[in-house]
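The values are calculated or read from the model by the stated rules, or taken from the named source; none is laboratory data. Here the structure is a predicted model, which is why all the values come from computation and not from measurement. For neighbour counting, all protein chains shown are included, and Cβ atoms are generated from backbone atoms with ideal geometry for every residue, glycine included. Surface accessibility is based on the protein's heavy atoms, side chains included, excluding ligands, DNA and RNA. Shrake-Rupley method; radii C 1.70, N 1.55, O 1.52, S 1.80 Å.
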Amino acid sequence: MSMAGLGRIVVSIPVAVKIGLGALPNIEARRDEFRRRLPEYDVERAGRLRDYARAAHYAHIVAIRHADGEGRVRAILDEASPLRERMLSAAELHALYGLLDGGRVSAIRRGTGHIDTANDLVELSVLFGESGDKLAGQTPVTEADVGRAAELGFQLLDALGQRDLGTDGSSTPARQEEDRVKAFWLFHDVYEESRRAMTYVRWREGDADLLVPSLFSGRRRRGSPSGEPDEGPEPAEPPSPVEGV
């Protein structure tokens with residue numbers, strides 16, 4: 001199933017997993033009754049609910065790790081991009097006065113994208129380092145800038161490579177968010193099958209929501225400073241023994 005066919009996740013996955021695992025003993029205790037009274041209830045699939053819950057939580061953690069890798073790239077760029085611009089502007093002025101190679105400076109200016117930013121910083125470090133004697137006393141670029149430019153260039157390249165290959169602790173970058181969404185909705189769908197079954201067999205007792213709560217019962221009210229939980233799910237319609245599973 002494509003991402004487009006899945007709903008947006010509007011619940012904390014760790015909280016939902018906690019709810020699901022907490023309700024699991026109640027589900028397991030009534031599994032034989034579900035099978036007897038609801039022939040279409042998939043006992044084998046429901047028996048994997050614990051595995052699906054753990055997989056959803058794992059995929060969530062992996063997605064967070066990748067987000068951390070993206071954050072590392074942004075943090076480096078926050079310093080690297082302004083430093084590149086300052087050094088490049090100074091280099092263009094020096095090239096105008098014949099103190100630096102104008103062709104090399106123009107080539108750096110043409111760079112775009114994060115990889116070019118990394119390369120440009122290293123090239124600027126080399127350019128100013130090679131021309132240190134010629135520029136002595138005539139440039140606002142300091143030795144610290146020259147050293148930092150090279151350092152940031154290599155750091156940025158490392159961070160980009162690790163992010164893109166998933167070696168920053170994440171899975172394959174094109175898949176981690178998709179895996180997170182798919183794993184959650186698989187867990188959700190299997191859990192909901194048992195929840196609907198519980199609603200059917202406990203209809204007269206009216207305690208299904210206590211035995212198998214909604215995974216969304218842990219959501220917070222929007223704008224509530226006290227973080228009060230939602231009121232809970234709407235009352236269920238009387239279940240059908242076929243459509244309710």
Next item on the list: Note down the nm distance, to one decimal, between modelled labels 7 Å out along Cα→Cβ at Asp207 and at Ala136.
Entry: 8.8
Next item on the list: Enter the accessible area of Thr199 (Å², nearest 10), with the probe set to 1.4 Å and all protein chains included.
Entry: 20
Note to self: Name the residue from Val73, Ser106, Met87 whose Cα lies farthest towards the positive end of the charge dipole of the stretch 49-138, charges +1 on Cβ of Lys and Arg and -1 on Cβ of Asp and Glu.
What the structure shows: Val73
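Just reorder Ser125, Ser81 by solvent-accessible area, largest first, 1.4 Å probe, all chains present. Don't skip to the end; give the middle numbers.
Values: Ser125 15, Ser81 50 Å².
Greatest to least solvent exposure: Ser81, Ser125.
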Item checked: Neighbourhood net charge (10 Å Cβ-Cβ; Lys/Arg +1, Asp/Glu -1) for Arg45 -> -3
Next item on the list: Please give the length that would be gained between Arg31 and Asp164 if that part of the chain were fully extended, namely 0.36 nm times their separation in residues minus their C-alpha to C-alpha distance (nm, one decimal).
Entry: 43.4 nm
Notebook entry, point to check: Which length gain, in nm to one decimal place, applies between Arg54 and Asp101 when the Cα-Cα distance is subtracted from 0.36 nm times their residue separation?
Noted result: 11.0 nm
Check: For the peptides 186-193, 9-16, 201-208, what is the packing order when you average, over each peptide's residues, the other Cβ atoms within 10 Å and list the highest mean first?
Finding: 186-193, 9-16, 201-208
Margin query: Not counting ligands, DNA or RNA, and with a 1.4 Å probe, what is Arg72's accessible surface area in Å² rounded to the nearest 10?
Written below: 100
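Around Leu121, what is the net charge, scoring Lys/Arg as +1 and Asp/Glu as -1 over all other residues with Cβ under 9 Å from its Cβ? Walk me through the numbers before you get to the answer.
On the way: positive: Arg84, Arg148; negative: Asp120, Glu123, Glu151.
Result for the local shell: -1.
What does the extension gain come out to for Arg110 and Val10, with contour length at 0.36 nm per residue minus their alpha carbon separation? All intermediate terms of the calculation are to be shown ahead of the outcome.
Working: separation 100, 0.36 × 100 = 36.00 nm, distance 4.26 nm.
Computed gain between Arg110 and Val10 is 31.7 nm.
Net charge near Ile108, counting Lys/Arg +1 and Asp/Glu -1 over other residues with Cβ under 10 Å of its Cβ?
Details: positive: Arg84, Arg104, Arg109, Arg110; negative: Glu92, Asp116, Asp120, Glu123.
Result for the neighbourhood of Ile108: 0.
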